1. Calculate for the chain the 222 nm mean residue ellipticity that helices alone would give, adding -39,500 (n - 2.57) per DSSP H run of length 4 or more and normalising by residue count, nearest 500 deg cm²/dmol.
2. Which FRET efficiency value, to the nearest 0.05, is calculated for Ser81 and Glu55 with the Förster distance at 41 angstrom and r the Cβ-Cβ distance?
3. Given Pro3, His85, Val40, which one lies farthest toward the positive end of the charge dipole of the chain, if we put +1 on the Cβ of every Lys and Arg and -1 on the Cβ of every Asp and Glu?
4. What FRET efficiency would be calculated for the residue pair Gln119, Asp14, taking the C-beta separation as r and a Förster radius of 35 Å, to the nearest 0.05?
5. Might you report the magnitude of the Cβ-based charge dipole of the range 3-126 about its Cα centre, with Lys and Arg at +1 and Asp and Glu at -1, to the nearest 20 debye?
Amino acid sequence: MHPLLEKDHQQLIDLIEVLDKCVLDGNSVSQVTKHLDAFVTLAQDEFKNEERLMETYNYPDLVEHKKEHASLLEQLRSVHSKLIHGHTPFGEDYMHWLRNWLETHLLDADDRLEKFLYQINADGHKS
């Protein structure tokens with residue numbers, strides 16, 4: 001795996017674990033919001049890193065991959081806004097959705113990116 005992707009992905013996974021524990025332990029809305037804020041910030045940074053990498057190597061699925069990132073961030077911002085305005089509890093259903101999105105994205109879109117980067121690297125060493 002590309003070192004940058006591996007580090008970023010592990011940080012997202014670690015933070016989702018913290019957020020999940022916070023929700024399961026029944027922590028306050030402010031605690032959940034704090035961890036959700038951190039997840040959104042980290043996701044934004046990770047997505048920018050990935051997108052820069054995809055642009056650098058002219059990744060053919062760049063547009064679709066960026067759409068997936070934008071969609072998740074839009075959904076997270078919506079959930080975050082509802083949470084801080086007291087309109088919805090952030091509970092196990094949201095954690096299931098978030099975990100499912102991350103797992104699907106990592107195992108599908110990011111796996112395709114990883115294979116592409118591996119092939120670029122392998123082709124570069126053939127010369």
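1. -29500 deg cm²/dmol
2. In this case the efficiency is close to 0.85.
3. Result: His85, furthest along the dipole toward the positive end.
4. Working from the Cβ atoms, E equals 0.75.
5. Dipole about the Cα centre, nearest 20: 280 debye.
Laboratory data are not the source of any read-out in this text; all were calculated from the coordinates shown. Quick caveat: nothing in here was measured; it's all calculated off a predicted structure. Virtual Cβ from ideal backbone geometry, glycine too; neighbours counted across all protein chains shown.
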